[in-house]
Amino acid sequence: MMFRSNMSLAMEEARSAAARGEVPVGAVIVAPGGEVVAAAGNRTRELNDPTAHAEMLAIREACALLGVERLSDHDLYVTLEPCPMCAGAISGARIRRLYYAAADAKSGGVAHGARVFAHPQCHHVPDVYDGMSAAEAERLLSEFFAARRGLA
């Protein structure tokens, strides 16, 4: 199945982010034929940029590479439920489908918190599929934060 391999690529990006000391979140943008167009992991600390979330970086990379402002026939795979900022960018980019692994009850913006796609002001709502590789993503996040707190 396509989503497994694409989510695995997103998990690789998340592991790379963790190795750089970033919160382990990874994202991959996939074209209609299954080609990976862009992949990124969080880089907020490295770039000193609070907007350098994996989703934002992948969207920017895909749009720049393709020379477009909208990715209406592309899918996004991400290891954590997007925050409200990223959900807004996903809507603005007109992403066709959003697949995410772990839910984020604290900072999520899709199924939790702001629920960006449920607002009447949201002009585009992607098809959303959650829970793929959730246990793996949750474990990676838990281990990362436990190590940061000195509990690992």
Give just the number: which of (1) open to solvent by 40 Å² or more (accessible area, probe 1.4 Å); (2) not in a helix (DSSP H, G or I) does residue 16 not satisfy? (2)
List the number of the failed condition for residue 118; all other conditions in (1) within 20 Å of residue 18 (Cβ to Cβ); (2) more than 15 Å from the chain's Cα centre (by Cα); (3) hydrophobic (A, V, I, L, M, F, W, C) hold. (1)
With the structure loaded, tell me whether residue 37 is not charged (D, E, K, R) and not in a loop (DSSP other than H, G, I, E, B) or whether it fails that test. yes
Could you go through the range 81-100 and let me know if any residue there is buried (at least 16 other Cβ atoms within 10 Å of the Cβ), touching a residue at least 60 places away in the same chain (Cβ under 8 Å) and within 10 Å of the chain's Cα centre (by Cα). yes
Quick check: is even one residue across the range 141-150 of a type in the set (Asp, Glu), touching a helix residue (DSSP H, G or I) at 6+ places or on another chain (Cβ under 9 Å) and surrounded by 14 or more Cβ atoms within 10 Å (Cβ to Cβ)? yes
With modelled with pLDDT under 95 and of a type outside the set (A, V, I, L, M, F, W, C) as the only criterion, which of 16, 72, 5 stands out? 5
Which ones in the range 19-39 are open to solvent by 10 Å² or more (accessible area, probe 1.4 Å), within 14 Å of residue 144 (Cα to Cα) and not β-branched (Val, Ile, Thr)? 19, 20, 21
Could you check residue 108 against (1) touching a strand residue (DSSP E or B) at 6+ places or on another chain (Cβ under 7 Å); (2) open to solvent by less than 60 Å² (accessible area, probe 1.4 Å); (3) at negative phi and say which number it fails? (1)
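For every residue, the table says whether it meets (1) among the charged types (D, E, K, R); (2) within 24 Å of residue 34 (Cβ to Cβ); (3) out of contact with any Phe, Trp or Tyr (no Cβ under 7 Å at 6 or more places or on another chain).
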| position | (1), (2), (3) |
| --- | --- |
| 82 | no, yes, no |
| 101 | no, yes, yes |
| 105 | no, no, yes |
| 141 | no, no, yes |
Evaluate the range 60-73: report whether one residue or more is under 25 Å from residue 15 (Cβ atoms), within 11 Å of the chain's Cα centre (by Cα) and surrounded by 23 or more Cβ atoms within 10 Å (Cβ to Cβ). no
Conditions first: (1) at pLDDT below 95; (2) more than 20 Å from residue 19 (Cβ to Cβ). Residue 133 passes all but one, so which condition is the exception? (2)
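One line per residue, one yes/no per condition, for (1) of a type outside the set (Phe, Trp, Tyr); (2) under 20 Å from residue 6 (Cα atoms):
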residue: 78; (1), (2): yes, yes
residue: 82; (1), (2): yes, yes
residue: 98; (1), (2): yes, yes
residue: 107; (1), (2): yes, no
residue: 124; (1), (2): yes, no
residue: 128; (1), (2): yes, yes
residue: 141; (1), (2): yes, yes
residue: 144; (1), (2): no, no
residue: 148; (1), (2): yes, no
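The values are calculated or read from the model by the stated rules, or taken from the named source; none is laboratory data. Being a predicted model, the structure only gives us computed values, none of them experimental. Please note: Cβ atoms are built from the backbone with ideal geometry, for glycine as well, and neighbour counts cover all protein chains shown. Note: accessible area is taken over every heavy atom of the protein model, side chains too, but ligands, DNA and RNA are not part of it. Shrake-Rupley method; radii C 1.70, N 1.55, O 1.52, S 1.80 Å.
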